[in-house]
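The next block holds one structure in the form of structure tokens; read it before the comments.
The values are calculated or read from the model by the stated rules, or taken from the named source; none is laboratory data. In this text, all values refer to a predicted model and were calculated from it rather than measured experimentally. Cβ: placed from backbone, ideal geometry, glycine included. Neighbour counts: every protein chain shown.
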Amino acid sequence: MEKSLGVVENEICVLIATDQDVVAARQQGRAIALQLGFSASDSTLLATAISELARNIVTYAGHGEICFRVTQNSGRPSITVTARDSGPGIASIEQAMRDGYSTSGSLGMGLPGVRRLVDEFEITSVVGRGTTVTVRKWKS
Amino acid sequence: MEVPILKQGEILIATVQAALTDSDLLQLRRALVEKVAKARARAIIIDLTAMDVMDSFASRTMREVAHMIRLRGAETVIVGIQPDVAFAMVQLGLTMGGVTTALDLEEGLEYLHRKFRTIL
């Protein structure tokens, strides 16, 4: 918990290892969004993004964590969601961010789709070390 | 969380009651493909009103159900996708490609009754 001029930050992390954790994480994200006064529509967009990020952790890395951080900056709240794993990492982020690309035979729309659901999107990945995806959504 | 499947005449109706995990979705797929022949159903309706999120896995599984049911000689109608869920699906880049959808259970049943009457 950190407090400074008009900014309140508080981070909650949940472990992601099973498909039940995927549902729990997106439900938690939606609950936080609704609590902050996000519209039902924006809350669903965020929950959908979290579902995709959490599933990527289970599918590619086996386990990892998802953290939620709420920032109330001069009255306009935002939620930052960080999905972190120590899995195999992504060799080509450029390729992974292209619509239609996948290494697991899935739809291959994961990351580019997630980027469209949120306001800010950042990804870092090191092969053999893991992947961190950070997304942020502002209350509209 | 098991999804109850009810038989109404020649139609099977699966009503999702709460958010489904990936394994729940796969279990539903298996149950529908098995039951459609056992019940000699001509169609199934999957009611997704209670689905909180339709992500890539859920959408793909629903498309697969529809294709498998077609191979079993019956038809699938997906109903009840909520407005916010539909919005998120489109933003994510998902489609239900070629799968029949209807607003709600009532519309889905009406569609099938109309269609079967035409065939008969």
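Values as computed for the structure displayed
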{"item": "Cross-chain or 6+ apart pairs with Cβ under 7 Å, the range A:108-135 first and at positive phi, then in a loop (DSSP other than H, G, I, E, B)", "result": "A:108/A:100; A:108/A:101; A:108/A:102; A:128/A:88; A:128/A:89; A:130/A:86; A:130/A:87; A:130/A:89"}
{"item": "Per-region count, the range B:66-79, residues out of contact with any helix residue (DSSP H, G or I) (no Cβ under 7 Å at 6 or more places or on another chain) and in a loop (DSSP other than H, G, I, E, B)", "result": "1"}
{"item": "From the options A:48, A:71, A:82, A:44, residue that is among the polar types (S, T, N, Q), without any contact (Cβ under 8 Å) to a residue 40 or more places away in the chain and under 14 Å from residue A:137 (Cα atoms)", "result": "A:44"}
{"item": "Which numbered condition residue B:96 fails, given (1) at pLDDT 95 or above; (2) of a type in the set (A, V, I, L, M); (3) assigned to a loop (DSSP other than H, G, I, E, B)", "result": "(1)"}
{"item": "Which listed residue, of A:26, A:98, is under 20 Å from residue B:83 (Cα atoms) and not in a strand (DSSP E or B)", "result": "A:26"}
{"item": "Condition met for residue B:104 (under 23 Å from residue A:48 (Cβ atoms) and away from chain A (no Cβ under 14 Å))", "result": "yes"}
{"item": "Hits in the range B:5-63 - residues which are touching a residue at least 40 places away in the same chain (Cβ under 8 Å), assigned to a strand (DSSP E or B) and of a type in the set (D, E, K, R)", "result": "B:47"}
{"item": "Residue within the range A:94-111 that is of a type in the set (A, V, I, L, M, F, W, C), under 22 Å from residue A:21 (Cβ atoms), crowded, with 20+ Cβ neighbours inside 10 Å and modelled with pLDDT of 95 or more present", "result": "no"}
{"item": "Options B:86, B:102, B:50; residue that is crowded, with 17+ Cβ neighbours inside 10 Å and on the phi < 0 side of the Ramachandran plot", "result": "B:102"}
{"item": "Cross-chain or 6+ apart pairs with Cβ under 9 Å, the range B:80-92 first and closer than 13 Å to residue B:56 by Cβ and facing another protein chain (nearest Cβ under 8 Å), then assigned to a helix (DSSP H, G or I) and of a type in the set (Asp, Glu)", "result": "B:92/A:52"}
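Listed here are the residues, each with its yes/no results for (1) facing chain B (nearest Cβ under 9 Å); (2) exposed (fewer than 15 other Cβ atoms within 10 Å of the Cβ); (3) in a helix (DSSP H, G or I); (4) among the small types (Gly, Ala, Ser).
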site: A:31; (1), (2), (3), (4): no, yes, yes, yes
site: A:42; (1), (2), (3), (4): yes, no, yes, no
site: A:51; (1), (2), (3), (4): yes, no, yes, yes
site: A:54; (1), (2), (3), (4): no, no, yes, yes
site: A:66; (1), (2), (3), (4): no, no, no, no
site: A:122; (1), (2), (3), (4): no, yes, no, no
